[in-house]
Each structure stands twice: as C-alpha cells, then as structure tokens.
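Taking it in order: structure first as structure tokens, then the write-up.
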Amino acid sequence: MGRVNDLDPLASFAALLTDEGRALLDSLDAYDPAQELATATRLRREHPAALVSAALGQARLRQRAVAKFGAEDARRMFFTPNGFEQATRRSVASYRAERFAGLGVRSVADLCSGIGGDAIALARAGIRVLAVDRDPLTAEVARANADALGLAELIEVRCADVTEVDTAAYDAVFVDPARRGGRGRIFDPEAYSPPLSWAIGAARTRPHAALKIAPGIPHEAVPEEAEAEWISDGGDVKEAVLWFGTRPGTIGATLLPGPRSLTGTGLPDPAVRKVGRFLYEPDGAVIRAHLVAEVAEQLDGGLIDETIAYITADELRATPYATAYEITDELPFNLKRLRALLRERGVGVLTVKKRGSAVEPEELRRKVKLQGPNAATVFLTRVAGAPTMLIGRPA
C-alpha cells in the first residue's frame with residue numbers, strides 16, 4: 001500500500017479500512033497495552049509506522065469501548081477519542097430507540113450524530129436514519145461503523161452543517177448538541193453547538209423529536225410543550241432528554257437496566273422528620289428530575305433536612321428508585337467519636353457517602369485509621385441543619 005500520512009487523520013483512518021489495515025487491527029484484538037512499545041516495534045518491521053500508530057490507537061479505544069458498547073460491537077467498531085467520549089452508551093441509545101419505535105417513528109434525522117452510537121440503535125430498532133455530522137473524520141467513522149455492523153442499508157451518513165439540513169422527509173429528529181469545548185464541559189445550553197434554542201426550533205418542525213442535553217439543565221429551561229426525562233444506567237446519571245410530541249409538561253426519571261420509569265405528580269416537598277430506622281438514597285435521575293417527593297410518598301418517609309435528598313422511614317420497603325440502609329447510629333459530626341466507634345466495632349472497610357458536607361471521603365478514611373474484619377457505611381450530612389454522621393449498613 002502507499003505511504004500513510006499520520007498528519008492527515010482522514011488518510012490514516014482510510015488506511016485502517018484497507019485489507020492490510022483491517023488485518024492489522026484484527027491481530028490486535030487481545031493486545032496488552034502494557035506491551036505497546038514492544039508490539040509497535042515488532043509491527044513496524046512489517047507495516048508503515050503511521051498505520052501501526054493508527055491501529056494501536058484504535059485497539060486502545062476498542063478496549064475502552066467494551067464497557068460502553070459491549071465486546072461484540074466494540075471489537076468491530078471504529079472510534080475517535082472525542083467520538084468515543086461523547087457517544088451514547090448502548091443501553092441508553094437502545095432504550096431511546098425503542099421509545100421512538102413505540103411512537104410509530106419509522107425515520108429519524110440524527111443531527112450531530114458523532115460516530116453513530118444512536119444511529120446504530122435506531123437502525124437496530126428498524127428505523128431508517130439520516131446521520132449528520134459536520135466533522136469529515138467523524139462522519140467517515142460513522143459510515144464505517146454502519147458498514148461494520150451490517151446496518152449500511154438503514155443508515156445514510158452525511159457530512160454537513162446540521163443547521164442546513166432539510167428534515168422534512170423524516171418522522172422525527174434527534175439532536176445531540178456538542179456539550180464540550182476547548183475548556184471542557186459546557187454548562188450554558190445556549191453555548192452548546194448548535195445552541196439549545198436552535199435544537200428546540202428543529203424539534204418543533206417534526207411530529208416527534210428528542211433532544212439530548214446535560215442532566216444539570218435547570219428545570220426552568222425546559223419548554224412547556226416538552227417532556228423532560230432524566231436517565232440513569234446502573235445508578236449513574238447519564239443524560240436528560242427533552243421529548244416533543246409525547247406528553248407535554250411531564251417530568252420523569254428512567255432507571256436502566258429495566259427500564260423503570262417514575263413520573264412526577266406535582267407533590268410538594270416532603271416534610272422533615274427525625275431519622276428513623278432506615279435511610280434511603282434516591283437514584284441520581286430521581287434527584288435530578290426533582291421526584292424525591294414521589295419516592296418519599298411510596299416509602300411513607302420524610303426528609304432528614306429540607307435541603308438534603310436523603311429520605312428516612314421506619315419501615316423497610318422495596319423500591320427500584322432508592323437504595324436502603326439500616327441506620328444504627330446518629331452522631332454529631334466528630335471525627336474522634338467516629339474513630340472510636342469504628343475501632344470498637346472492628347470496621348476495616350468503610351463506605352463513605354456525603355451530601356451537604358465539605359469533608360472528602362478519602363480524607364476521612366485516612367484519619368479514622370480503619371482496622372478489623374467488619375464493614376460499615378457512614379453518611380456525612382446534615383440533619384435538621386446540624387452536621388451529622390449517620391452510621392449503618394445496606395438493608
């Protein structure tokens with residue numbers, strides 16, 4: 001093959017799609033990153049140095065992608081570093097694609113499609129997709145992924161500015177604006193690329209739409225005609241989605257796997273009450289969606305403090321929306337007393353959770369000098385405004 005120019009990302013990526021490049025990638029399926037220098041030296045005896053560098057970069061990304069896409073897809077897909085970081089996790093993309101399919105959507109314009117994570121899930125749900133991204137390399141990677149996963153007939157990839165794309169031929173639009181810039185995460189929705197206001201305008205042109213946004217979006221920024229859904233996966237909040245053409249004004253939290261979905265009913269904030277036998281830590285999506293009151297009602301519980309999202313109750317009740325702990329001790333914040341109590345109970349493994357406390361968990365673990373065969377959980381928080389330590393164990 002011809003010389004690969006490692007200064008030209010498109011040429012380097014194209015080289016990976018040749019027979020030589022694919023064979024080289026296949027040979028790196030089980031490579032050990034700790035042996036990268038030796039591997040690179042060996043491979044450069046038979047292949048151009050730039051191709052080896054590109055292949056090793058892909059191999060590293062594929063290994064990282066297993067957690068997000070699963071081993072079977074990750075070993076066939078292609079990535080860019082930014083594309084991998086910003087791609088939707090497969091479980092979340094699949095859930096959203098099924099929601100689109102359930103609405104009767106048969107075609108979606110996926111705007112700001114990145115490397116194609118959402119387009120792949122939509123196509124697997126039987127939906128025809130136009131995937132649009134303005135970065136030429138990202139678009140080529142998305143096209144290669146559609147081909148690698150056997151979905152090229154359902155996914156058309158176009159390199160273009162999404163603001164110039166006509167979506168009239170599609171049942172729905174999905175917009176995933178870039179929320180990272182040169183200085184890291186972008187928190188102002190109008191600083192997204194494209195801005196949230198443009199994405200809302202695009203959503204209003206089609207019967208259905210979904211806009212992926214940061215989970216920290218203020219509730220007052222949600223348009224009245226939109227449904228707002230916060231999604232967590234395995235307990236980690238992944239994103240918020242604004243849905244159009246579904247249930248205007250609805251607020252919801254969805255927990256994956258499951259899915260388990262909780263819808264807001266407009267309840268007032270729960271009352272503050274003294275700490276009972278059990279403490280419940282709501283899922284992050286529940287907290288972001290401001291649905292702690294709905295969970296507290298299910299549990300017949302109240303808050304330990306009006307500003308803290310911990311629910312307390314006297315009875316243990318099963319709920320997918322919060323994790324329960326049995327509380328054994330309630331103490332004013334005092335490291336000396338905590339150290340003595342943990343030593344007395346032989347606690348060598350301590351889980352530290354905090355909400356409303358400035359103390360760092362690692363700093364606390366270091367200071368209490370753990371020793372013993374037992375385990376405990378300590379909550380550093382406030383109870384009725386006072387700094388407090390709650391000690392217990394998973395219920």
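Confirm whether Ala203 is at pLDDT below 95, out of contact with any helix residue (DSSP H, G or I) (no Cβ under 7 Å at 6 or more places or on another chain) and not hydroxyl-bearing (Ser, Thr, Tyr). No; evaluated as a whole, the condition is false for this residue.
When the stretch 108-126 is filtered for residues that are free of Cβ contacts under 8 Å to residues at least 60 places away in the same chain and either small (Gly, Ala, Ser) or surrounded by fewer than 24 Cβ atoms within 10 Å (Cβ to Cβ) (or both), the ones remaining, listed by number, are Gly116, Gly117, Ala119, Ala121, Ala123, Arg124, Ala125, Gly126. Every listed requirement among (1) among the charged types (D, E, K, R); (2) under 15 Å from Arg99 (Cα atoms); (3) modelled with pLDDT under 95 is met by Glu220 save one, (2).
Residues that are open to solvent by less than 10 Å² (accessible area, probe 1.4 Å) and either more than 23 Å from Pro387 (Cα to Cα) or without any contact (Cβ under 8 Å) to a residue 40 or more places away in the chain (or both) were ranked within the stretch 268-292; the one that is farthest from the chain's Cα centre (by Cα) is Leu291. Whenever a residue of the stretch 129-156 is in contact (Cβ under 8 Å) with a residue 40 or more places away in the chain and open to solvent by 60 Å² or more (accessible area, probe 1.4 Å), its partners that are part of a loop (DSSP other than H, G, I, E, B) and of a type in the set (Phe, Trp, Tyr), lying with C-beta atoms within less than 9 angstrom and at least six residues away or across chains, give the pairs Glu140/Phe78.
Across the stretch 310-356, the number of residues qualifying as open to solvent by less than 30 Å² (accessible area, probe 1.4 Å) and polar (S, T, N, Q) comes to 2. Working carefully through the options Arg75, Arg62, find the one that is open to solvent by 60 Å² or more (accessible area, probe 1.4 Å) and in contact (Cβ under 8 Å) with a residue 12 or more places away in the chain. So the residue among Arg75, Arg62 that is open to solvent by 60 Å² or more (accessible area, probe 1.4 Å) and in contact (Cβ under 8 Å) with a residue 12 or more places away in the chain is Arg75.
Can you tell me which residue is farthest from Ile287 (Cα to Cα) among those in the stretch 235-260 that are of a type in the set (Gly, Ala, Ser) and either in a loop (DSSP other than H, G, I, E, B) or open to solvent by 30 Å² or more (accessible area, probe 1.4 Å) (or both)? Ranking the candidates gives Gly245 first. Of the helices (runs of 4 or more DSSP H) lying entirely inside the stretch 78-157, those containing at least 3 residues that are over 18 Å from Pro177 (Cβ atoms) span 90-102, 117-124, 136-148. Among the numbered conditions (1) under 26 Å from Arg128 (Cα atoms); (2) small (Gly, Ala, Ser); (3) assigned to a strand (DSSP E or B), the only one that Ala169 does not meet is (3). Within the stretch 338-389, restricting attention to residues that are part of a helix (DSSP H, G or I), basic (Lys, Arg) and touching a residue at least 24 places away in the same chain (Cβ under 8 Å), which residue is nearest to Arg273 (Cα to Cα)? Ranking the candidates gives Arg339 first. Taking the criterion of being of a type outside the set (Phe, Trp, Tyr) and under 28 Å from the mean Cα position of the chain (by Cα), the residues of the stretch 366-395 that qualify are Thr377, Val378, Leu380, Thr381, Arg393, Pro394, Ala395. Which of the residues belonging to the stretch 19-38 are at pLDDT 90 or above, under 33 Å from the mean Cα position of the chain (by Cα) and open to solvent by less than 80 Å² (accessible area, probe 1.4 Å)? Those that are at pLDDT 90 or above, under 33 Å from the mean Cα position of the chain (by Cα) and open to solvent by less than 80 Å² (accessible area, probe 1.4 Å): Gly21, Ala23, Leu24, Leu25, Ser27, Leu28.
The values are calculated or read from the model by the stated rules, or taken from the named source; none is laboratory data. As the structure is a prediction and not an experimental result, all values here were calculated from the model. All Cβ positions, even for glycine, are placed from backbone atoms using ideal geometry, and neighbour counts span all protein chains on display. Remember, those area values only see protein heavy atoms, side chains included, never the ligands or the DNA or RNA. Shrake-Rupley method; radii C 1.70, N 1.55, O 1.52, S 1.80 Å.
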